[in-house]
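Accompanying notes for the structure given below.
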Amino acid sequence: MQWTCPIRTGAQTRPEALALTFANRRWTYRELDAEVGRWVAALQSRGVRPGDRVALLATNHAAVAQLFFALGRVGAVLAPLNARLTRAELQPLSDDVTPRLTLALTGLVERLPGAEPLETFTDTVNTSVPDCAPLEAHSPRVILFTSGTTGRPKGAVLTEGNFRASARASEANLGSHPAPHWLGTLPLFHVGGLGMLTRTAYDGGCLVLRERFEAEDTNRAIDEEGVTHASFVATTLERVLEARKDRPVPSAFRCALIGGGPVPAPLLARARAAGILALQTYGLTEACAQVTTESPDEADGRTAGRPLPGLRVRIVGPGGEPLEPGREGDIEVHGPTVMAGYLNRPEATSEAFRDGWLRTKDVGMLDERGRLTVLSRRTDLIVRGGENIYPAELEAVLVAHPAVQEAAVVGVPDERWGEVPVAFVATRDGAPLPEELGAWCRESLAGFKVPARFLGIEALPRNAMGKIERTVLRERARGA
C-alpha cells in the first residue's frame, strides 16, 4: 500500500485548516505544505537521498515537525536523540545511526559533534520543491533509541505503516473527530510525541506544539486554543489540576491519555470532576506507543484497557505457553504497529520476537474482558515521571568512581515522580560515602537519571547464584 504525505493531502483537501501552532505562530495545511517543500529543497541540496539517515538533537520546535514530513517526502529516516542526554551518552547513538546529516537546535549543537543549527538550515532556500515520493507501509520513518534491562541502547526502527496503524487504532478506540487538536507537550524525540504529530496529520487535525510541559501554559492552551486531546503522565495531570484549582475544562476537551504507569484512583476521580476523561494506557516504543488503552465508554481506572483495534495481546508463561485470564506472566504483542526491528542488531531483533509476537518482557495479566493490568515494567526498570531509567547504566557510572567497590540502583515510590532511583554504594576498604557522588553522576548522566539518594552499605545482598537481591534493597530503601 502507498500513501501521500498527509500534509500534502491536507493542502489539497482542506488547505485553510489549521495544521500546526508553535510559539505564537500558526500554519495552515497550505502553508505547512509549502514550508515542508522548502525543507525538501534544503535536504536535497545537501545530498540527502532515499534511505539516508538524519540525526537530530532538539527539544520541541516547529522545525522538527517540518523536518519529519520533509524526510518522508525524500525517503530518508529521522533519528531523533534524547535532548536530555549528555555528550558522552549521545556519541555512541550517533555512531550507530551513521547519519548523512546531523542537526541540532543552536543551544544543543556543542553536545553533538558535527551538528548544524536546525533553526537556520533552510534560511538560504528560496523555493519550495513539490517533490513528494509515495510512502510505503514498510518505509522506515524513524529510529528511536530504547534500552532493555541491560541498559545498552537499541534503535527501534518504526515504519510509515506502524504510525498509520497506530493512528487508525487510536481513532477507532477514542472515536472520530472532524479536526482533533492535540496538545503536544510530550517530546518529539519520544514515540509518544511523534505519535501525536503523525496522528493529527493523518486525521486532518492540528498539533498545538509546546517546547515543554508547563502546568499554567497547558491550562491556557486547553482554555483558549481549542485543545481536544492531550497526553500526560500522572505527575503532569496532577500539576494541571492543581494549577487550574480543579476548575472544569471546556466542553470541547475530549480526553487525556495517561501513560508512564498506573494512576492513583483519587487522581482519576479528581480529573473526572474537572471534566477530564483520563484514560490509562500501556505501550512501548517497539509497538509505536499505545498497545492497550481504556475506552471512553467503559473506563474505570482499574486497568490499562483492552488492546487497540487491530492489535493482540497475550500473557505467556516461562516457556512461551499462553496463559488464561487472571494468570500473571510476560506480556506479548502482535499487530501492525510492531516495529520492523532494531537497527544493526539482528540478534537483539531475533530475541525480541517469538513466532511473530513482540516479547515486551513486561509482566501483567488479562481479565475476563480482555483488559490488561501491568504488574511490572520490566524486571528492574525505573519509570521517573514517564522517563525510563535503567539501573545498569547508573551502576556503571557509580562503580567507575575510584572510591566505589560496588553499587546497585533500585526504584522506590515517590509522590511527585511516581518512582525515583536510589543507589546503594559499598565503598572500598569501608571508607565513608563520597559526598561528590551526585556531581560525579551528573558528569555522565542526564539529570533525571541521577539517584535521588545515596545509601552506604557494607556489601550488596546476593542470592546463591551471586545475583543482587534487589527486592531486599527496595525494602531497605523504603525503610530509609
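The values are calculated or read from the model by the stated rules, or taken from the named source; none is laboratory data. Since the model is a prediction, treat every value here as computed from it, not as a measurement. Backbone-built Cβ (ideal geometry, glycine too); neighbour counts: all protein chains shown.
Could you please let me know if Arg220 is over 17 Å from the mean Cα position of the chain (by Cα), modelled with pLDDT under 95 and assigned to a helix (DSSP H, G or I)?
Details: over 17 Å from the mean Cα position of the chain (by Cα): yes; modelled with pLDDT under 95: no; assigned to a helix (DSSP H, G or I): yes.
For Arg220, the condition - over 17 Å from the mean Cα position of the chain (by Cα), modelled with pLDDT under 95 and assigned to a helix (DSSP H, G or I) - is not met.
How many residues does segment 256-280 contain that are small (Gly, Ala, Ser) and either touching a strand residue (DSSP E or B) at 6+ places or on another chain (Cβ under 9 Å) or within 8 Å of Gly301 (Cα to Cα) (or both)? Outline the logic, then answer.
Within segment 256-280, the subset small (Gly, Ala, Ser) is 256, 259-261, 265, 269, 271, 273-275, 278.
Remaining after also requiring either touching a strand residue (DSSP E or B) at 6+ places or on another chain (Cβ under 9 Å) or within 8 Å of Gly301 (Cα to Cα) (or both): 256, 259-261, 265, 271, 278.
The total comes to 7.
Do the conditions hold for Pro296, that is, is it without any contact (Cβ under 8 Å) to a residue 24 or more places away in the chain and either under 23 Å from Leu186 (Cβ atoms) or loosely packed, with under 14 Cβ neighbours inside 10 Å (or both)?
Values: without any contact (Cβ under 8 Å) to a residue 24 or more places away in the chain: no; either under 23 Å from Leu186 (Cβ atoms) or loosely packed, with under 14 Cβ neighbours inside 10 Å (or both): yes.
Against the criterion (without any contact (Cβ under 8 Å) to a residue 24 or more places away in the chain and either under 23 Å from Leu186 (Cβ atoms) or loosely packed, with under 14 Cβ neighbours inside 10 Å (or both)), Pro296 does not qualify.
Take the residues in segment 328-372 that are surrounded by fewer than 21 Cβ atoms within 10 Å (Cβ to Cβ) and hydroxyl-bearing (Ser, Thr, Tyr), then tell me which one is nearest to Pro99 (Cα to Cα).
Here the answer is Thr349.
Looking at (1) of a type outside the set (A, V, I, L, M); (2) in contact (Cβ under 8 Å) with a residue 12 or more places away in the chain; (3) in the same structural domain as Arg302 (by TED's automatic domain parsing); (4) farther than 16 Å from Gly261 by Cβ, can you tell me which one Gln405 breaks?
Evaluating Gln405 over (1) of a type outside the set (A, V, I, L, M); (2) in contact (Cβ under 8 Å) with a residue 12 or more places away in the chain; (3) in the same structural domain as Arg302 (by TED's automatic domain parsing); (4) farther than 16 Å from Gly261 by Cβ leaves (3) as the failure.
Residues that are in contact with a strand residue (DSSP E or B) (Cβ under 8 Å, 6 or more places away or on another chain), within 21 Å of Trp3 (Cα to Cα), free of Cβ contacts under 8 Å to residues at least 40 places away in the same chain and hydrophobic (A, V, I, L, M, F, W, C): does segment 72-88 have at least one?
Within segment 72-88 (the criterion being in contact with a strand residue (DSSP E or B) (Cβ under 8 Å, 6 or more places away or on another chain), within 21 Å of Trp3 (Cα to Cα), free of Cβ contacts under 8 Å to residues at least 40 places away in the same chain and hydrophobic (A, V, I, L, M, F, W, C)), the answer is yes, since at least one residue qualifies.
Yes/no per residue for (1) closer than 26 Å to Val338 by Cβ; (2) surrounded by fewer than 21 Cβ atoms within 10 Å (Cβ to Cβ); (3) over 22 Å from the mean Cα position of the chain (by Cα):
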| residue | (1), (2), (3) |
| --- | --- |
| Leu188 | yes, no, no |
| Thr198 | yes, no, no |
| Leu209 | no, no, no |
| Ala234 | no, no, no |
| Asp246 | no, yes, yes |
| Ser251 | no, yes, yes |
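Which one of these does Ala70 not meet: (1) of a type outside the set (Lys, Arg); (2) more than 23 Å from Leu209 (Cα to Cα); (3) surrounded by 19 or more Cβ atoms within 10 Å (Cβ to Cβ); (4) over 21 Å from the mean Cα position of the chain (by Cα)?
The single condition Ala70 does not satisfy is (2).
What number of residues within segment 209-241 satisfy the criterion of being without any contact (Cβ under 8 Å) to a residue 40 or more places away in the chain, under 19 Å from Arg199 (Cα atoms) and charged (D, E, K, R)?
Counting residues in segment 209-241 that are without any contact (Cβ under 8 Å) to a residue 40 or more places away in the chain, under 19 Å from Arg199 (Cα atoms) and charged (D, E, K, R) gives 0.
Condition check: modelled with pLDDT of 95 or more and in a loop (DSSP other than H, G, I, E, B). Does Glu211 satisfy that?
Details: modelled with pLDDT of 95 or more: yes; in a loop (DSSP other than H, G, I, E, B): yes.
Yes.
Does at least one position in segment 188-195 carry a residue that is closer than 19 Å to Thr21 by Cβ, assigned by TED's automatic domain parsing to the domain that holds Ser45, touching a helix residue (DSSP H, G or I) at 6+ places or on another chain (Cβ under 7 Å) and touching a residue at least 60 places away in the same chain (Cβ under 8 Å)?
Scanning segment 188-195, I find at least one residue that is closer than 19 Å to Thr21 by Cβ, assigned by TED's automatic domain parsing to the domain that holds Ser45, touching a helix residue (DSSP H, G or I) at 6+ places or on another chain (Cβ under 7 Å) and touching a residue at least 60 places away in the same chain (Cβ under 8 Å), so the answer is yes.
Counting just the residues of segment 92-124 that are closer than 23 Å to Asn344 by Cβ and hydroxyl-bearing (Ser, Thr, Tyr), which one comes out surrounded by the most Cβ atoms within 10 Å (Cβ to Cβ)?
Kept after step one, since they are closer than 23 Å to Asn344 by Cβ, are these residues of segment 92-124: 92-104, 111-115.
Then keep just the ones that are hydroxyl-bearing (Ser, Thr, Tyr); that gives 94, 98, 102.
Numbers: Ser94: 18, Thr98: 12, Thr102: 21.
Residue satisfying both the conditions and the ranking: Thr102.
Within segment 397-415, can you find the residues that are more than 14 Å from Leu437 (Cβ to Cβ) and out of contact with any helix residue (DSSP H, G or I) (no Cβ under 6 Å at 6 or more places or on another chain)? Spell out the reasoning first.
So the first thing to find is which residues in segment 397-415 are more than 14 Å from Leu437 (Cβ to Cβ), and the list is 410-415.
Those that are more than 14 Å from Leu437 (Cβ to Cβ) and out of contact with any helix residue (DSSP H, G or I) (no Cβ under 6 Å at 6 or more places or on another chain): Gly411, Pro413, Asp414, Glu415.
Which residue out of Ala392, Ala304, Ala340, Ala299 is small (Gly, Ala, Ser) and farther than 30 Å from Phe213 by Cα? Talk me through it step by step, then tell me what you get.
Numbers: Ala392 fails: farther than 30 Å from Phe213 by Cα; Ala304 fails: farther than 30 Å from Phe213 by Cα; Ala299 fails: farther than 30 Å from Phe213 by Cα.
Checking each option against the conditions leaves just Ala340.
Please find, within segment 309-319, the residue that is surrounded by the most Cβ atoms within 10 Å (Cβ to Cβ) out of those that are within 23 Å of Gly192 (Cβ to Cβ) and aliphatic (A, V, I, L, M). I'd like the intermediate steps shown before the answer.
So in segment 309-319, the residues within 23 Å of Gly192 (Cβ to Cβ) come out as 309-313.
Restricting the remaining residues to those that are aliphatic (A, V, I, L, M) gives 311, 313.
Values: Leu311: 21, Val313: 25.
Applying the filter and picking the extreme gives Val313.
Any idea which residue in segment 125-142 is surrounded by the fewest Cβ atoms within 10 Å (Cβ to Cβ), counting only those that are assigned to a strand (DSSP E or B) and in contact with a Gly (Cβ under 7 Å, 6 or more places away or on another chain)? Walk me through how you get there before you give the answer.
Step one: list which residues in segment 125-142 are assigned to a strand (DSSP E or B), which gives 135-136, 140-142.
Among the residues that remain, those that are also in contact with a Gly (Cβ under 7 Å, 6 or more places away or on another chain) are: 135, 141.
Details: Leu135: 22, Arg141: 24.
Only one residue fits best here, namely Leu135.
Residue pairs, Cβ under 6 Å, 6 or more apart or interchain, first in segment 378-396 and modelled with pLDDT of 80 or more, second of a type in the set (Phe, Trp, Tyr) and not in a loop (DSSP other than H, G, I, E, B). List them.
Pairs that qualify, where the first residue is modelled with pLDDT of 80 or more and the partner is of a type in the set (Phe, Trp, Tyr) and not in a loop (DSSP other than H, G, I, E, B), are Arg384/Phe448; Glu387/Phe448.
Looking at Ala278, is it more than 27 Å from Arg141 (Cβ to Cβ), at pLDDT 95 or above and either polar (S, T, N, Q) or crowded, with 21+ Cβ neighbours inside 10 Å (or both)?
Details: more than 27 Å from Arg141 (Cβ to Cβ): yes; at pLDDT 95 or above: yes; either polar (S, T, N, Q) or crowded, with 21+ Cβ neighbours inside 10 Å (or both): yes.
Considered against the rule, which asks whether it is more than 27 Å from Arg141 (Cβ to Cβ), at pLDDT 95 or above and either polar (S, T, N, Q) or crowded, with 21+ Cβ neighbours inside 10 Å (or both), Ala278 comes out as yes.
Is it true that Leu93 is closer than 26 Å to Trp182 by Cβ and touching a residue at least 40 places away in the same chain (Cβ under 8 Å)? Before you say what the answer is, go through the steps one by one.
Numbers: closer than 26 Å to Trp182 by Cβ: no; touching a residue at least 40 places away in the same chain (Cβ under 8 Å): yes.
Spelling it out, it is not the case that Leu93 is closer than 26 Å to Trp182 by Cβ and touching a residue at least 40 places away in the same chain (Cβ under 8 Å).
Kindly check whether there is at least one residue in segment 143-155 that is in a helix (DSSP H, G or I) and out of contact with any helix residue (DSSP H, G or I) (no Cβ under 6 Å at 6 or more places or on another chain). Break it down stepwise before answering.
Let us first name the residues in segment 143-155 that are in a helix (DSSP H, G or I), namely none.
Checked segment 143-155: no residue is in a helix (DSSP H, G or I) and out of contact with any helix residue (DSSP H, G or I) (no Cβ under 6 Å at 6 or more places or on another chain).
Take Arg306 and tell me if it is of a type in the set (Lys, Arg) and either touching a residue at least 40 places away in the same chain (Cβ under 8 Å) or buried (at least 20 other Cβ atoms within 10 Å of the Cβ) (or both).
Numbers: of a type in the set (Lys, Arg): yes; either touching a residue at least 40 places away in the same chain (Cβ under 8 Å) or buried (at least 20 other Cβ atoms within 10 Å of the Cβ) (or both): yes.
In short, yes.
Only one residue in Thr127, Thr102, Thr159, Thr120 is under 21 Å from Leu188 (Cβ atoms) and over 24 Å from the mean Cα position of the chain (by Cα), so which one is that? Give the derivation first.
Working: Thr127 fails: under 21 Å from Leu188 (Cβ atoms); Thr102 fails: over 24 Å from the mean Cα position of the chain (by Cα); Thr159 fails: over 24 Å from the mean Cα position of the chain (by Cα).
Result: Thr120 is the single residue among Thr127, Thr102, Thr159, Thr120 that is under 21 Å from Leu188 (Cβ atoms) and over 24 Å from the mean Cα position of the chain (by Cα).
Within segment 262-276, can one find any residue that is in a strand (DSSP E or B) and within 26 Å of Leu366 (Cα to Cα)?
Here is the first cut: in segment 262-276, the ones in a strand (DSSP E or B) are none.
The answer is no, given that none of the residues of segment 262-276 is in a strand (DSSP E or B) and within 26 Å of Leu366 (Cα to Cα).
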